[in-house]
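The structure under discussion appears below in the form of structure tokens.
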Amino acid sequence: MAPKILFLAHVDESGNTLPKAAYECLGATLELAERVLGTLTIGIIGEDIQSAANTIASAGVPIVGVAGYEFAHPRYATDAAALEAICREAIPDIVIAPATSRFLRVMAGVAQRLKGQIDVHITAIDVIDGQISGKRWFYRQRLEAVIRRHASPWFLVVDAGCYDAWAGASAVADIKKIEVPISSDAKRTAFAAIRSPKSDAQTIRPDATLLFVAGAGWCKKQADGKTHLPEAETTILHFLRSSGASLGGSKSLVDQSGENQAVLGFMTHLNQVGQTGSTPRHPKGLSTCCHGEEPHVVGWRFINERRAINLDPNCGWARGKADVLYIADAFQVMAKLNLLLTEQSKEDLAAVPA
């Protein structure tokens with residue numbers, strides 16, 4: 001019997017489209033529905049869902065939505081009520097949703113209300129021996145698990161960056177809207193404001209093409225026997241602004257802040273890559289003043305092209321862990337690179353018509 005599949009999404013902050021992770025997840029869902037010959041329904045929540053629904057209307061899938069002012073911003077009570085209503089309307093066997101911060105907070109509760117089961121941080125959805133399976137990583141991306149469940153509905157929350165984003169022509173979507181009454185108790189939590197750092201202060205950029213990782217060597221004594229922290233900070237921030245790269249840090253570097261040692265002022269544990277840190281996905285990665293230890297390299301598992309700068313030709317990166325290893329002083333290399341980026345920026349500005 002062909003399974004009934006429900007894809008869930010929410011309108012992004014702009015109100016006109018879906019988050020990028022939703023388009024990636026939609027592509028995976030359409031592929032799955034085709035492979036298992038399942039019936040697919042799309043569910044969307046938000047204040048005004050028409051514009052967002054138009055962006056995926058050409059997929060040719062029925063769309064069910066819950067719209068209204070109460071659903072404009074993330075809130076557990078209202079989001080849970082809206083998603084539960086969509087699920088009861090569609091009666092799905094499989095529910096697939098993107099792992100956005102909004103959905104990760106609420107999806108487990110929706111699964112519990114529907115007496116289903118849920119798996120999060122899914123990195124791939126496959127069909128093995130005729131059964132739908134989900135894949136995810138455990139133990140800091142060292143072990144990959146294949147998960148199968150007989151529960152109905154089974155919720156699969158898919159991580160961003162695992163699939164190519166679906167792209168189709170915009171069209172006018174025909175939406176079946178569901179009315180979801182919201183009690184006053186469900187609205188006790190009120191949206192106040194969104195606070196975000198300035199663009200030049202933001203160092204974690206998941207959509208960046210390049211991941212730049214700094215190691216503890218930036219804070220150690222250099223060839224002249226002195227530390228050069230101000231120069232290190234200026235050099236790294238200049239590069240981040242010029243290149244638009246995302247910043248990562250080795251565990252040894254971010255741990256220095258707790259050991260009363262001099263550190264880079266903008267580096268926090270949120271930047272940590274590998275060994276209890278994150279495992280980002282970027283097309284390219286550049287490691288500087290890191291030694292390429294195994295726990296750190298595991299955090300680079302999903303970086304497609306890995307390069308490193310290190311004065312030590314025997315460091316971990318030299319043992320087949322980097323595609324390209326530069327035996328050089330990171331201070332000098334990055335200073336030269338910043339100069340080239342500045343010159344390129346000037347050329348680009350000069351080429352713009354007045």
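Computed quantities for the displayed model
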quantity	calculated
Subset of the stretch 46-69 (residues that are assigned to a loop (DSSP other than H, G, I, E, B) and over 25 Å from the mean Cα position of the chain (by Cα))	GLY60, VAL61, PRO62, GLY68
Single match in VAL213, VAL172 (criterion: surrounded by 13 or more Cβ atoms within 10 Å (Cβ to Cβ) and hydrophobic (A, V, I, L, M, F, W, C))	VAL213
Residue within the stretch 300-310 that is buried (at least 17 other Cβ atoms within 10 Å of the Cβ), more than 15 Å from GLN222 (Cα to Cα) and of a type outside the set (A, V, I, L, M, F, W, C) present	yes
Inter-residue pairs, beta-carbon under 9 Å, first in a strand (DSSP E or B) and in the stretch 136-153, second of a type in the set (Phe, Trp, Tyr), 6+ apart	LEU143/TRP137; GLU144/TRP137; GLU144/PHE138; ALA145/TRP137; ALA145/PHE138
The lone exception for ALA186 - which of (1) at pLDDT below 95; (2) of a type in the set (A, V, I, L, M, F, W, C); (3) surrounded by fewer than 16 Cβ atoms within 10 Å (Cβ to Cβ) it fails	(3)
Pairs with Cβ under 6 Å, 6+ apart, first in the stretch 1-27 and without any contact (Cβ under 8 Å) to a residue 40 or more places away in the chain, second surrounded by 18 or more Cβ atoms within 10 Å (Cβ to Cβ)	ALA2/GLY38; THR17/ALA52; THR17/THR55; LEU18/ALA9; LEU18/ALA52
Positions within the stretch 318-354 being among the small types (Gly, Ala, Ser) and assigned to a helix (DSSP H, G or I), in sequence order	ALA318, ALA330, ALA335, SER345, ALA350, ALA351
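The values are calculated or read from the model by the stated rules, or taken from the named source; none is laboratory data. Values in this document were obtained by computation on a predicted structure and should not be read as measured data. Note that each Cβ is placed from the backbone with ideal geometry, even for glycine, and that neighbours are counted across all protein chains shown.
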